[in-house]
C-alpha cells in the first residue's frame, strides 16, 4: 500500500502528522479553518436528514451547500453500479461544488450521514464570488486539494488487497493525524465519529467495524474516552495498517 505524506489544516491550527513511517489523510473533513461568511450572509438554511440525499450524481448542479451542522457523505458509483464512499464532510465543509466549472451536473452524490443543516447557495453566485474574492478562491483551492488527496487514498485502499482491519487502522491514523490531541492514555481523536461512518468509508458493515474495534481495544491499541477514541499504541496501529503483526 502506497501511503502519501500530507499535512491537514483543521480546527484553526496545524496539527501533527501521523507517526513516522505511515502517513494517511483523514477522510473526515470537518471543523475546518475556513470562513465562508462572505458567501453565506444571504444563504438559505436547508435541513437534511440522515440517509436522505441532498443531491444525486448526475443531477443538475444548481446549488452548492456549506455545512452548518451535521455531516454528509460523498459517494459515487463504479461501472457496475456499486456505490463507493469517498469522504465525510462536516461543518465549514462545502459540497456540490466538485467539478462545477467543468460540468453542469453533480459528479458525486451527497447523502446525510447524520441530521443537520446546510446553507444553500446558487451555484452561479458561488462561482461569481470565488472569481471576485481571492481569499475565498484560495480557501476553495485548499479544500479541493484536501478532497483530492482523500480520493487518491480511497482509490489506493479500494483497489489493493487490503483487509478490513488494515483499512480501519489506516483511517484511524488519518483521524489521528488530523484531530489528534495529547491524552493521559495516549492520543485522543478529538472528533466523534460513528462506526457506521467508518464502515461506509471502509466498505464494511457496522458489525464488522464493531468487531475490529473490539479486537483493537482488547489488544490495548485503542481505548475510549466517552464517545471518542484514544489511540494507546500508535506504533502497533501503524504495523496493523501495513499488514504486519496481523
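Computed from the coordinates by the stated procedures, all read-outs in this text should not be read as laboratory data. Quantities reported herein were computed from a predicted structural model and do not represent experimental measurements. Counting neighbours? That spans all protein chains shown, and the Cβs are built from the backbone with ideal geometry, glycine included.
Every Cα-Cα pair of the range 13-135 was included, and the share exceeding 26 Å stands at 23 percent. Exposure proxy for 85, 171: other Cβ atoms within 10 Å of each Cβ, ordered fewest to most, give 85, 171. May I ask for the angle, rounded to the nearest 10°, between helix 123-132 and the longest principal axis of the chain, with both axes built from Cα atoms and the value confined to 0 to 90°? Around 90 degrees separate the two axes. Take every Cα pair under 8 Å whose residues are at least 6 apart in sequence, average their separation, divide by the length of the range 134-246, and the relative contact order is 27 percent. With neighbours defined as other Cβ atoms within 10 Å of a residue's Cβ, the residues 170, 183 order from fewest to most as 183, 170. Report note on the peptides 105-118, 223-236: ranked by the mean count of other C-beta atoms within 10 Å, highest first, their order is 105-118, 223-236.
Over the range 43-91, Cα pairs under 8 Å with separation of 6+ residues give a relative contact order of 30 percent. Put a dot 7 Å past the Cα of residue 152, heading toward its Cβ, do the same for residue 103, and the two dots end up 2.1 nm apart. Along its principal axes, the chain has C-alpha extents of 52, 41, 31 angstrom, given from the largest down. Report, in degrees rounded to the nearest 10, the 0 to 90 angle that the Cα long axis of helix 134-159 makes with the longest principal axis of the chain. Roughly 40 degrees between the two axes.
Spacing of the modelled spin labels on residue 50 and residue 192, each 7 Å from Cα toward Cβ, amounts to 1.1 nm.
Any chance you could give the angle, 0 to 90 degrees and rounded to 10, that helix 164-179 forms with the longest Cα principal axis of the chain? Tilt relative to the chain: about 60 degrees.
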